[in-house]
Amino acid sequence: MTEFENLGRILLLIGLLAVVLGGILLLAGKVPFVGRLPGDILIKSDNVTCWIPIMTSILLSILLSIILMLVNLFLRR
């Protein structure tokens, strides 16, 4: 393979990942519990709102770890 073929494949992979991530972000607003889990901190003041999604981040981290573990398991075969 030439260098351009490798670069083309990398760019296609990055584009595919961007499309998948964009779709996930579009659908994330429709999931009712995301950002409203117990442990997520919301501080509202007169002109300032601070949102710290601690539990949502932990849940997403666990979910992504499981997904990547399964992908790694299937790619090794």
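Below are the figures for this structure:
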read-out: Relative contact order, percent, the stretch 34-77 [alpha-carbon distance under 8 Å, six or more residues apart]; value: 30 percent
read-out: Förster radius 30 Å - calculated FRET efficiency between Glu5 and Leu60, Cβ distance, rounded to 0.05; value: 0.30
read-out: Rounded tilt (10° steps) of 54-76 against the dominant C-alpha axis of the chain; value: 20 degrees
read-out: Using alpha carbons only: equivalent-ellipsoid semi-axes of the chain, gyration tensor based, whole Å; value: 35, 18, 10
read-out: ³J(HN,Hα) computed for each position of the stretch 28-41 - Karplus, 6.51 cos²θ - 1.76 cosθ + 1.60, integer Hz, glycine/proline x; value: 5, x, 8, 7, x, 9, 5, x, 10, 7, x, x, 7, 9
read-out: Length released on extending from Leu13 to Ile67, taking residue separation times 0.36 nm less the Cα-Cα span; value: 17.7 nm
read-out: For the stretch 34-77, the fraction of alpha-carbon pairs in successive 10 Å shells from zero, as %; value: 26, 30, 23, 14, 6, 1
read-out: Cleavage-rule hits (chymotrypsin sites (Phe, Trp or Tyr not before Pro)) in the stretch 1-68: DSSP loop, at most 11 neighbouring Cβ within 10 angstrom; value: Phe33
read-out: Pairwise label distance in nanometres, Ile52 with Leu21, each label 7 Å out on the Cα-Cβ vector; value: 2.5 nm
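Laboratory data are not the source of any read-out in this text; all were calculated from the coordinates shown. Please read all numbers here as calculations on a predicted model, not as lab measurements. Cβ atoms come from the backbone with ideal geometry, glycine included; neighbour counts cover every protein chain shown.
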